[in-house]
Amino acid sequence: MAVQKNKISMKNISKTFTTRTGDVSVLKDVSINVFENEFLVILGPGQCGKTVLMNILAGLEQPTGGEVVFADGTPKMGDLGIVFQKYYIYPWKNVMQNVELSQEVKGVDKKTRRESAQKYIDLVGLSGFEKSIPRELSGGMKQRVGIARAYATESDIMIMDEPFGALDAQTRYQMQEEILKIWEKKKRTVIFVTSNLEEAIYLGDRIILLGGSPTSVKAEYIPDMPRPRNYTSKEFLDLRNEIADNTDLAL
Amino acid sequence: MKKFSNLIYAVLPVLGVGALIGVWTILSLQEGTLIPTPVETWERFLVIMTDPISKATLPVHVLVSLKRVLSAFGFAIVLGIITGVLFGWYPRVKALLSPIFELLRPIPPIAWIPLLILMFGIGEVPKILLVFIGAFIPIVMNTQSGIESIDPMLIKAGQSFGCNHRQLLFHVALPASTPAILAGIKMALSSGWMCVVAAEMIAAKQGVGFLIVRGQEAGDTALIVSCMLVIGVVSFLLSAILTKLEGVLCPWQFKKTK
Ligand SMILES: Nc1ncnc2c1ncn2[C@@H]1O[C@H](COP(=O)(O)OP(=O)(O)OP(=O)(O)O)[C@@H](O)[C@H]1O
Ligand SMILES: [Mg+2]
């Protein structure tokens, strides 16, 4: 691979929550470098602290130790594109209003921001649903809104926290393909969180495996396979077994 | 099966009301009772619909009471929501002002009546003020708790998309608490309606509360009972209107009705 420019460095991130029943250490000394325009997958078992790590990366939560350093300076709120695990799209806003929000609050005029939002709505395949409200959409469609909304920030860093976790297998495969297509059309730095091993191998330029208790980085894998990857190819299955052997919980 | 269950649900409410009227009839037919029969009540109702008492027919009395409620209500909604938002969204304002509110809140609105009458006489002002007090409190409380109980991740998501504190209020906090605010407005409406009847029973020349007292003075129980039923029906209708409004204002909360 060509020389890679560092985009984000998570340095020795630790997070301990103080709860009624005592301190809970969730993350310990997590250090991850993210390279510019790579599709980085962070793979970890359920409840291991992936969402906490992403919230720290996004500046929505403070680590109890360590720091996140952005090569281009700490982004302001609104400078990152985030897809949340539980969507968190606003039920009182229709698809268009959800997607255009980040531009609207920046004061971009209505015509410009609608055009730009429309571009991303089309990109995720929701043309025709601009005026629908979330309760009228399926889970997969809601997550597409979440993805379009994140892209509409025009950010060069995308954080996706298990975006396809709640989808059925069929929709999931389809969304994985689409997300790669979008990324290949316009390269950005993507940090993609998942607990699904196949998904990680199918998508990642690089895979960071999390594990242990408290959670830390266990290993790094580079699936050296051309895209689109074949779930049943030998290389795919070999890598799958290699990672599975190194995983403490059944993924 | 479906049809049968629809039928059941159409019949049961009628049965319930029918049973009430039945019990009422039996009670009213007892020797020496003051309870008017349903028929007497209905006839009295028809009479006051057309024959004025204190220069006004029943619809006029109802309108007088409604006008008092609604004029106080406008103020209560605007000021109540603003106060609730200030308490729920600006911790410093809450720290400064909410102790005052917490002290005054438990006082039953009707306990204000004597003071209000001494201060403002028996005109419209004290009645409107009383309704205002009764309606303001639930609106403030519901608005505040609606805002305070928003899922913090909804707020964080808004922040992550660049909303500042004020934009978060209008894009996230207020819409998220609209259902709670509407519930507060519903409570406020029944509380306000209660207050107006109470105020009119103590000092008024018109209004449904006044009519009830007139019935008491004249020993006219049919008048009292028909007014009570009218109060119940009006209050029911107001709350039905608000339920409709809920569907319009928060379509994301309620199933679309075809
Ligand atoms: N605010 C908090 N206070 C206390 N504990 C917390 C808090 N937030 C998260 N945790 C704990 O941190 C752990 C990791 O949570 P997190 O949601 O990051 O896991 P996850 O890897 O994203 O799980 P999933 O795969 O289910 O999404 C959990 O055990 C959770 O209980
Ligand atoms: Mg998670």
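The values are calculated or read from the model by the stated rules, or taken from the named source; none is laboratory data. In this text, all values refer to a predicted model and were calculated from it rather than measured experimentally. With ideal geometry, Cβ positions are generated from the backbone for all residues, glycine too; neighbour counts draw on all protein chains shown. Accessible surface is based on the protein model in full, side chains and every heavy atom, while ligands, DNA and RNA are left aside. Shrake-Rupley method; radii C 1.70, N 1.55, O 1.52, S 1.80 Å.
If you take all other residues with their beta carbon under 14 Å from the beta carbon of A:ILE42, and give Lys and Arg +1 and Asp and Glu -1, the sum is -3. The value of relative contact order for chain B, using C-alpha pairs under 8 Å at least six residues apart, is 23 percent.
Mind ordering B:83-91, A:133-141 by average Cβ neighbours within 10 Å, highest first?
Details: B:83-91: 20.1, A:133-141: 15.9.
Going from most to least packed, we get B:83-91, A:133-141.
Against chain B, whose longest principal axis is taken from its Cα atoms, helix B:174-202 shows a tilt of about 30°.
Mean separation of Cα pairs under 8 Å and 6 or more residues apart, divided by the residue count, gives chain A a relative contact order of 26 percent. With the full set of protein chains in place, find how many percent of the accessible area of the stretch B:58-253 is carbon and sulfur; take the probe as 1.4 Å. Carbon plus sulfur share of accessible area: 74 percent. The distance from the alpha carbon centre of the stretch A:97-131 to that of the stretch B:146-162 is 21 Å, rounded to a whole number.
Taking all protein chains in place and a 1.4 Å probe, what share, in percent, of the accessible surface of the stretch A:88-138 do carbon and sulfur account for?
After summing per-atom areas, the C and S share lands at 51 percent.
So for B:HIS61, B:HIS165, what's the accessible-area order with a 1.4 Å probe, most first?
B:HIS165, B:HIS61
Estimated from helical segments only, the mean residue ellipticity of chain B at 222 nm is -26500 deg cm²/dmol, where each DSSP H run of four or more residues counts as -39500 (n - 2.57). Going by accessible surface with a 1.4 Å probe and the largest first, B:ARG68, A:ARG172, A:ARG20, B:ARG105 read A:ARG20, B:ARG105, A:ARG172, B:ARG68. Cross-link partners of A:LYS11 among lysines, defined as those whose alpha carbon lies under 22 angstrom from its own and excluding same-chain residues fewer than eight positions apart: A:LYS28, A:LYS50, A:LYS76, A:LYS218. Going from the chain on its own to the full set of protein chains, the stretch B:130-163 has these residues losing 50 Å² or more of accessible surface (heavy atoms, 1.4 Å probe, no ligands, DNA or RNA): B:MET153, B:LEU154, B:LYS156, B:SER160, B:PHE161. Go ahead and set up a Gaussian network model of chain A, Cα springs under 10 Å, then flag whichever of A:ASN94, A:ASN12, A:ASN230 fluctuates most. Taking springs between Cα atoms under 10 Å, the residue moving most is A:ASN230.
For chain A, what does the helix formula give at 222 nm: sum of -39500 (n - 2.57) over DSSP H segments with n ≥ 4, over the residue count, nearest 500 deg cm²/dmol?
Counting only the DSSP helices, I get -10000 deg cm²/dmol.
The count of lysine pairs in the stretch B:58-253 that are at least 8 places apart or cross chains, and whose C-alpha atoms lie under 23 Å apart, stands at 8. Interface of A with B. Using a 1.4 Å probe and counting protein heavy atoms only, the two chains hide about 2000 Å² of accessible surface, both sides summed. When the surface is traced with a 1.4 Å probe over the full set of protein chains, A:ASP245 keeps roughly 140 Å² accessible. Axis angle, to the nearest 10 degrees, between helix A:110-123 and the longest C-alpha principal axis of chain A: 50 degrees. Would you please give the FRET efficiency between A:GLU115 and B:ASN164, computed as 1/(1 + (r/R0)^6) with r the Cβ-Cβ distance and R0 = 25 Å, to the nearest 0.05? Plugging the Cβ-Cβ distance into 1/(1 + (r/R0)^6) gives 0.55. Helix B:2-28 axis versus longest C-alpha principal axis of chain B: approximately 50°, rounded to the nearest ten. Simple point charges give the picture: +1 on the Cβ of Lys and Arg, -1 on the Cβ of Asp and Glu, and for chain B a dipole about the Cα centre of about 1020 debye.
By the rule of a C-alpha distance below 17 Å, with chain neighbours fewer than 8 residues away ignored, the aspartates and glutamates paired with A:LYS93 are A:GLU104, A:GLU130, A:GLU136, B:ASP151, B:GLU246.
For the stretch A:92-154, relative contact order (Cα pairs under 8 Å, six or more residues apart, normalised by length) works out to 50 percent. Per residue, the accessible area of chain A comes to 45 Å² when a 1.4 Å probe rolls over the protein heavy atoms.
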